[in-house]
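This report concerns only the one structure given below.
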Amino acid sequence: MRVIKPNEKISKKELRYFANMAGRAYVNDPVHSYATKNPERRVRFVSHFMMERLNTSNGEDYIYIDDENRGICVWRKAHNEYGVMDFLRCADWLYLYWFWPNTLRTLKAYSYLDVKVFDEDTWIISPVFVDPKYQNQGIATALIKQGIADLAPLGYKFGLEAQDENNVKYYEKLGFKTIQHDYYEKINIHHYYMVYDPKESE
């Protein structure tokens with residue numbers, strides 16, 4: 001397992017590789033399904049969207065990568081939010097031209113998600129995904145557990161935001177607890193804020 005720490009970076013080529021993986025992995029994600037109705041277009045959009053997001057994390061966050069490049073987990077400080085300027089900083093103008101309505105709908109949906117419900121000493125999973133060909137093999141679990149093992153001794157708590165009840169059950173098995181649940185009827189999205197506190201598991 002590789003760990004990319006803050007102030008370290010991986011290449012744009014590798015970022016693109018994982019962004020394309022995200023397009024396949026998040027094809028049924030509730031937020032992206034709301035923002036981009038056509039599944040084929042959604043895969044392309046998420047790949048571009050995630051490239052911007054991973055580029056923002058590159059050099060700022062902890063990035064855990066499976067040894068065989070089958071999955072990735074990004075740990076980001078809860079109050080270090082992704083914003084519009086982050087996307088413009090790594091602008092793919094062709095992407096913005098073709099997908100600007102999808103981008104606006106996605107950012108609008110995410111605007112409901114208040115990361116400040118977490119304490120400042122919390123690192124959140126943002127994002128984690130595995131190539132669909134290798135899902136359900138424990139890869140994401142290993143990446144998450146290693147991040148917790150490395151960062152917990154530094155006194156941090158851990159959080160995440162989930163929109164799928166099946167994902168909530170998965171994270172509960174890892175020790176996360178839901179601290180807040182919201183439902184946005186207009187866009188039909190449930191939102192679960194979950195926290196793992198290492199002190200409670202001692």
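The values are calculated or read from the model by the stated rules, or taken from the named source; none is laboratory data. In this text, all values refer to a predicted model and were calculated from it rather than measured experimentally. Using ideal geometry, Cβ is built from the backbone for each residue, glycine included, and neighbour counts are taken over all protein chains shown. Ligands, DNA and RNA are excluded from the accessible area calculation, which covers all protein heavy atoms including side chains. Shrake-Rupley method; radii C 1.70, N 1.55, O 1.52, S 1.80 Å.
Quick one: pull the percent of accessible area on the chain belonging to carbon and sulfur, 1.4 Å probe, ligands and nucleic acids left out.
Answer for the chain is 50 percent, counting heavy atoms of protein chains only.
Name the trypsin sites (Lys or Arg not before Pro) in the stretch 1-46 that are in a loop by DSSP and that have at most 12 other C-beta atoms within 10 Å, would you?
Lys37
How high is the relative contact order of the chain, in percent, counting Cα pairs under 8 Å that sit 6 or more residues apart?
Across the chain, relative contact order equals 21 percent.
Helix-derived [θ] at 222 nm for the chain: sum -39500 (n - 2.57) over DSSP H runs of at least 4, divide by residue count, nearest 500?
Calculated mean residue ellipticity at 222 nm is -13500 deg cm²/dmol.
I'd like to know which of Pro6, Ser57, Pro30 lies farthest towards the positive end of the charge dipole of the stretch 1-79, counting +1 on Cβ of Lys and Arg and -1 on Cβ of Asp and Glu.
Pro30
Can you tell me the accessible area per residue over the chain, all protein chains present, probe 1.4 angstrom, in square angstrom?
Heavy-atom SASA per residue in the chain reads 52 Å².
May I ask for log10 I(q)/I(0) of the chain at q = 0.12, 0.14 Å⁻¹, from a Debye sum over the Cα atoms as equal point scatterers with solvent left out?
Relative scattering, expressed as log10 I(q)/I(0), comes to -0.58, -0.81.
Once the whole set of protein chains is in place, how much accessible area is left on Ser126, using a 1.4 Å probe, in Å² to the nearest 10?
Roughly 10 Å² of Ser126 is accessible to a 1.4 Å probe.
Considering only protein heavy atoms, with the full assembly of protein chains and a 1.4 angstrom probe, order Leu104, Leu113 by accessible area, largest first.
Of Leu104, Leu113, the descending order of accessible area is Leu104, Leu113.
Among the lysines, which fall within straight-line cross-link reach of Lys157, defined as a Cα-Cα distance under 28 Å, with same-chain neighbours fewer than 8 residues apart omitted?
Lys5, Lys9, Lys77, Lys108, Lys116, Lys145, Lys169, Lys173, Lys177, Lys199
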